[in-house]
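Structure first, then comments.
Quick note: the coordinates plus some simple rules give every number you see, no bench work behind them. If you're wondering where the values come from, they're calculated on a predicted model, not measured in any experiment. Here the Cβ is made from the backbone with ideal geometry for all residues, glycine too, and neighbour counts use every protein chain on show.
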Amino acid sequence: MMPRIRTLCCALAFIAVAGSSQGEEAYPTRPIRLVVGFGAGGPTDIPARFVAEKLGEALGQRVVVENKPAAAGMIAARDVIAQPRDGYNLLLCTHFEAINTAVYQHAQFKLDDLAPISLIAKYYYGLALANSVPASDFDSFIQYAKARPGELAYATIGAGSAQEILARQLGKLTGISMNRVPFRGGAQVVQELIAGRVQFYVSPTLAIVPQYEAKQLKILAVSAPERLKNLPQVPTLTERGINFVRFGWLGVCAGAGTPQPIIDSLNRHIGAIVGSPEYHAMIEKAGSIAVSSRPEELGKVMRETYEDAEASIREFGLQQEQ
């Protein structure tokens, strides 16, 4: 009897392992959501849709982009975190998640609630100036602003946003003082900047290059360590004597606890997409950099973003209750 029992146990164990393996290999068996915390057509949405389309082709299932533009991306993050951690609900995560957990005392999530999968892009910021301001370069703008303390308005997207933190850091470094005007989204800011109702905006280059090329606004400098390929005529802040190199980033995350085989599979596919010439051409046209990563590398970037933001939020008194 013992050999027969042993044989039966081995058979059952084999079936269990095979079933588990088949379950992992079967992912995905239905469409996947990629939730984006900002509006359609913006600097997060465009690369998200590219990645979603190609990822769907690679996985054999649709990857549907859902835009939930509210609360500086927090609605999207809460949505994904509230869903089952099974790989069917992904987040186009950005530096906003790290900043939000530092800014808001009741953000309703923390960074540890997210499982990093891969970076998909890094981008630098441009210092956009309204054409109504009679300054043609960074130095003349600083002189103009210093002569008019509190008269110029700078735009932000929500309290404690990256745009506000960077504008305040620049103000401290250069000794200028401007008034803050908050907006709900970047598209609205750009239109107000073109109209001259706000004068200054620290923006991802993707959102302002088309208007700059159309001569609807000026870009005084960029926050990159060297001049960007698509803006070779625009100097860096480092060139102007300001030690200020800052970048934003985009990645793909899932809810913490998502099975590691699913994380690894998504990481491989996303890495291949980000490494493709087509993606490079699309992302670099706007001055961003196509970059993928291992999950732990994205996790490190998220923690570093939080630490930098938290220090500035403390310094400038930007923390909010919710």
Note to self: What number results when the radius of gyration of the range 124-222, computed over Cα atoms, is divided by 2.2 N^0.38 Å?
What the structure shows: 0.94
Check: Hey, how much of the P(r) for the range 18-162 falls beyond 26 Å, as a percent of Cα pairs?
Finding: 42
Item checked: Considering only the chain, percent of DSSP beta bridges that pair antiparallel, nearest 5 -> 60
Checklist line | Relative contact order for the range 124-222, counting Cα pairs under 8 Å that sit 6 or more residues apart, in percent | finding: 48
Item checked: For the range 124-135, 3J(HN,Hα) per residue [Karplus equation, 6.51 cos²θ - 1.76 cosθ + 1.60, θ = phi - 60°, Hz, x = Gly/Pro] -> 10, 9, x, 8, 8, 10, 5, 4, 5, 8, x, 9
Checklist line | Sites VAL64 and GLN320, calculated FRET efficiency, Cβ-Cβ separation with R0 35 Å, nearest 0.05 | finding: 0.65
Note to self: Straight-line reach from LYS54: which lysines fall under 30 Å, measuring Cα to Cα and dropping same-chain residues less than 8 apart?
What the structure shows: LYS68, LYS110, LYS122, LYS229, LYS285, LYS300
Next item on the list: Would you grab the residues whose amide H sits under 5 Å from the one on PHE247? Only those 5+ places off in sequence or on another chain, please, with H modelled 1.01 Å from N.
Entry: none
Next item on the list: Take the Cα atoms of the chain, find their three principal axes, and give me the spread along each one in whole Å, biggest first.
Entry: 96, 42, 30
